[in-house]
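The values are calculated or read from the model by the stated rules, or taken from the named source; none is laboratory data. This structure is a prediction, so every number in the text was calculated from the model and none was measured. Here the Cβ positions follow ideal geometry from the backbone for every residue, glycine too, while neighbour counts run over all protein chains shown. Just so you know, the surface numbers come from the protein's heavy atoms only, side chains and all, with ligands and any DNA or RNA stripped out. Shrake-Rupley method; radii C 1.70, N 1.55, O 1.52, S 1.80 Å.
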Amino acid sequence: MSKILLIAEHADGTLRKSTLQAMTLARELAAKRGGSLSVVIIGSGVAGVADQLTGYGAESHAGKQRPPYV
């Protein structure tokens, strides 16, 4: 069983298109290998980004909130 870990790129509370494309490929690969897909989100405002992942096939996700740069 394969485990795939994807680091999500986001800006202004929205997932980047490149992250969604990578998730599609990772989800397909996980299905072919009988594995799972997990996504990591790092940055400020990650709660909204995590909610967006629900519809894109990630089996689990983890977020790390940090204060914005001043």
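For this structure, a couple of remarks:
- Residues of the range 1-47 that are in contact with a helix residue (DSSP H, G or I) (Cβ under 7 Å, 6 or more places away or on another chain) and not in a strand (DSSP E or B): Ser2, Glu9, Gly13, Leu20, Met23.
- Only a single item in (1) closer than 11 Å to Ala8 by Cα; (2) at pLDDT below 80; (3) not acidic (Asp, Glu) is not met by Ser38, and it is number (2).
- Restricting the range 31-52 to residues that are more than 14 Å from the chain's Cα centre (by Cα) and under 17 Å from Lys3 (Cβ atoms), the residue that is most open to solvent (accessible area, probe 1.4 Å): Lys32
- Given (1) open to solvent by 100 Å² or more (accessible area, probe 1.4 Å); (2) among the hydrophobic types (A, V, I, L, M, F, W, C); (3) modelled with pLDDT under 85, number of the condition Ile7 does not satisfy: (3)
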